[in-house]
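*Asks:* Quick one: the structure is below, questions incoming.
The values are calculated or read from the model by the stated rules, or taken from the named source; none is laboratory data. These numbers come from a predicted model, not from an experiment. When we count neighbours, we look across all protein chains shown, and the Cβ atoms used for this are built from the backbone with ideal geometry, even at glycine.
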Ligand code: NAD
């Protein structure tokens, strides 16, 4: 099959959907050919000649890359690119399916949205939300450390002792747990909170304290039956949670928020009132800003200062570490597209009864596949 990798066009997107490592594997045995748009890897520190050495062909334009039969992308094609899509081709990427996919269906492509990948163990090697969330959690701590006007670790110096920073991590999924681990390496004292009680053990094993809202038996059962993801909680739970978070945030120097509910607006965990009660010099890093934000008043890609508290809301931290985020993302895609081909013959074999394929497929044969 002819695989195409167009350059990303979205403003600030530096990642690329293939790397020399994955190209080498794709072209091995002569099964596939790969066309990369000239310069597509530059943001991720991959030169055209590195792709050529791995066995790819460099093509001069987006239209030449989109002429392939299988298109690998990081972001959903923008409006100007939709016209370049070839009817009958396959498209794989982070396609923002919640924004609607009618334009992709109308273009006649068969498209797979990697954000919809089921969280099952067979899919772990393909899990782009995990690979990119991990990077976001790491980088969020470095952003916080950069914005924070004090040390992270406790230091005993000739000029006296410096206290360790107190870090509160809200949402202890993939990004949150990496934020806990990274803040720990920098010497901070950490607390973490999540609506899923199952993560308590993971938080504690990383050396942080788990902040708990007491759950009723009914609430605990509901949360545990949500298939690994968080559910929208009752108003009463939210009230208890808000009181606890406000109290912990006021005692913290840095708050990193990562709380998401798939397909929904992110929960507001830090209200303007809570921020007003935080110490001047504190830093909030809101990783949920693209889904509406966990912190009232945070603005995407800006540093807003409220009463001496810095609200930072980077909208795409993985793009700030494009070399590693591309390396991991490209490996995720390589694993995923392995499912689309017969392992023996290399022929396209799209088994729509496979839950990974069915779960990610958003349009085929000119129609959307999900309601
Ligand atoms: P996510 O990015 O959707 O959400 C981040 C975190 O926010 C979650 O832990 C969630 O519980 C939490 N959250 C939501 N609402 C909240 C609120 N009001 N207050 C506090 N926290 C709130 O989740 P994710 O990190 O992508 O993954 C969630 C979990 O899925 C993982 O921790 C893991 O258990 C599971 N998972 C499984 C696989 C797999 O088996 N293939 C892969 C990745 C993740």
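*Asks:* Suppose we filter 162, 167, 180 for residues that are touching a strand residue (DSSP E or B) at 6+ places or on another chain (Cβ under 9 Å), modelled with pLDDT of 95 or more and more than 24 Å from residue 238 (Cα to Cα); which single one remains?
*Replies:* Going through 162, 167, 180 in turn, just one is touching a strand residue (DSSP E or B) at 6+ places or on another chain (Cβ under 9 Å), modelled with pLDDT of 95 or more and more than 24 Å from residue 238 (Cα to Cα): 162.
*Asks:* To continue, here is another question. Report, ordered by the first and then the second residue, all pairs with beta carbons closer than 7 Å, sequence separation of six or more or different chains, a first member in the stretch 185-197 that is under 17 Å from residue 152 (Cα atoms), and a second member that is within 16 Å of the ligand (Cβ to nearest atom) and in a loop (DSSP other than H, G, I, E, B).
*Replies:* 190/208; 191/208; 191/211; 192/172; 192/208; 192/211
*Asks:* If I ask for residues that are part of a loop (DSSP other than H, G, I, E, B) and farther than 19 Å from residue 139 by Cβ, which ones from the stretch 298-340 would you list?
*Replies:* Of everything in the stretch 298-340, those that are part of a loop (DSSP other than H, G, I, E, B) and farther than 19 Å from residue 139 by Cβ turn out to be 307, 308, 339, 340.
*Asks:* If you check residue 311 against the conditions, is it over 14 Å from the mean Cα position of the chain (by Cα) and at pLDDT 95 or above?
*Replies:* On the way: over 14 Å from the mean Cα position of the chain (by Cα): yes; at pLDDT 95 or above: yes.
Spelling it out, residue 311 is indeed over 14 Å from the mean Cα position of the chain (by Cα) and at pLDDT 95 or above.
*Asks:* Evaluate the stretch 90-102: report whether one residue or more is within 12 Å of the ligand (Cβ to nearest atom) and under 28 Å from residue 324 (Cα atoms).
*Replies:* Of the residues in the stretch 90-102, the ones within 12 Å of the ligand (Cβ to nearest atom) are none.
Scanning the stretch 90-102 turns up no residue that is within 12 Å of the ligand (Cβ to nearest atom) and under 28 Å from residue 324 (Cα atoms).
*Asks:* Looking at the stretch 264-292 only, could you name the residues that are over 17 Å from residue 152 (Cα atoms) and surrounded by 18 or more Cβ atoms within 10 Å (Cβ to Cβ)?
*Replies:* 266, 267, 268, 269, 270, 274, 275, 278, 286, 287, 288, 289 - these are the residues of the stretch 264-292 that are over 17 Å from residue 152 (Cα atoms) and surrounded by 18 or more Cβ atoms within 10 Å (Cβ to Cβ).
*Asks:* Within the stretch 178-211, can you find the residues that are part of a loop (DSSP other than H, G, I, E, B), more than 9 Å from the ligand (Cβ to nearest atom) and over 28 Å from residue 150 (Cβ atoms)?
*Replies:* Applying the first criterion (part of a loop (DSSP other than H, G, I, E, B)) to the stretch 178-211 yields 186-188, 194-196, 206-208, 211.
In the following step, the residues that additionally are more than 9 Å from the ligand (Cβ to nearest atom) were identified as 186-188, 206-208, 211.
Scanning the stretch 178-211 gives no hits.
*Asks:* Say whether the condition of being more than 12 Å from the ligand (Cβ to nearest atom) and in contact with a strand residue (DSSP E or B) (Cβ under 6 Å, 6 or more places away or on another chain) is met by at least one residue in the stretch 124-143.
*Replies:* Yes, the conditions are met somewhere in the stretch 124-143.
*Asks:* Here's something else I'd like to know. Just to be sure, is residue 215 within 20 Å of the chain's Cα centre (by Cα), under 28 Å from residue 118 (Cα atoms) and within 13 Å of the ligand (Cβ to nearest atom)? Even if it seems obvious, please write down each step before you answer.
*Replies:* Working: within 20 Å of the chain's Cα centre (by Cα): no; under 28 Å from residue 118 (Cα atoms): yes; within 13 Å of the ligand (Cβ to nearest atom): yes.
When the stated conditions are applied, residue 215 does not pass them.
*Asks:* Out of 351, 365, report the one residue that is touching a strand residue (DSSP E or B) at 6+ places or on another chain (Cβ under 9 Å), surrounded by fewer than 16 Cβ atoms within 10 Å (Cβ to Cβ) and at pLDDT below 95.
*Replies:* Values: 351 fails: touching a strand residue (DSSP E or B) at 6+ places or on another chain (Cβ under 9 Å).
Unique residue meeting the criteria: 365.
Residues checked against (1) modelled with pLDDT of 80 or more; (2) in contact with a helix residue (DSSP H, G or I) (Cβ under 6 Å, 6 or more places away or on another chain):
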site	(1), (2)
201	yes, no
208	yes, yes
211	yes, yes
224	no, no
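*Asks:* In the stretch 1-18, what residues are under 20 Å from the mean Cα position of the chain (by Cα) and surrounded by 24 or more Cβ atoms within 10 Å (Cβ to Cβ)?
*Replies:* Listed by number, the residues that qualify are 8, 15, 16, 17, 18.
*Asks:* If a residue has to be surrounded by fewer than 21 Cβ atoms within 10 Å (Cβ to Cβ) and near the ligand (Cβ under 9 Å from one of its atoms) to count, how many in the stretch 232-263 make the cut? Spell out the reasoning first.
*Replies:* Going residue by residue through the stretch 232-263, those that are surrounded by fewer than 21 Cβ atoms within 10 Å (Cβ to Cβ) are 232-244, 246-248, 250-251, 261-263.
From the residues that got through so far, the ones that are near the ligand (Cβ under 9 Å from one of its atoms) too are 232-233, 237-238, 241, 261-262.
Count: 7.
*Asks:* May I pose another question? Is it the case, given these coordinates, that residue 175 is within 16 Å of the ligand (Cβ to nearest atom), over 22 Å from residue 286 (Cα atoms) and surrounded by 19 or more Cβ atoms within 10 Å (Cβ to Cβ)?
*Replies:* When the stated conditions are applied, residue 175 does not pass them.
*Asks:* Next question, about the same structure. Is one or more of the residues making up the stretch 74-82 within 16 Å of the ligand (Cβ to nearest atom) and under 18 Å from the mean Cα position of the chain (by Cα)?
*Replies:* There is no residue in the stretch 74-82 that is within 16 Å of the ligand (Cβ to nearest atom) and under 18 Å from the mean Cα position of the chain (by Cα).
*Asks:* In the stretch 52-162, which strands (runs of 3 or more DSSP E) lie fully inside it and hold 3 or more residues that are surrounded by fewer than 19 Cβ atoms within 10 Å (Cβ to Cβ) and without any contact (Cβ under 8 Å) to a residue 60 or more places away in the chain?
*Replies:* In the stretch 52-162, 155-157, 160-162 are the strands (runs of 3 or more DSSP E) which contain 3 or more residues that are surrounded by fewer than 19 Cβ atoms within 10 Å (Cβ to Cβ) and without any contact (Cβ under 8 Å) to a residue 60 or more places away in the chain.
*Asks:* For residue 299, state whether it is under 24 Å from residue 149 (Cα atoms), modelled with pLDDT of 95 or more and buried (at least 17 other Cβ atoms within 10 Å of the Cβ).
*Replies:* Taking the combined requirement at face value, the residue does not satisfy it.
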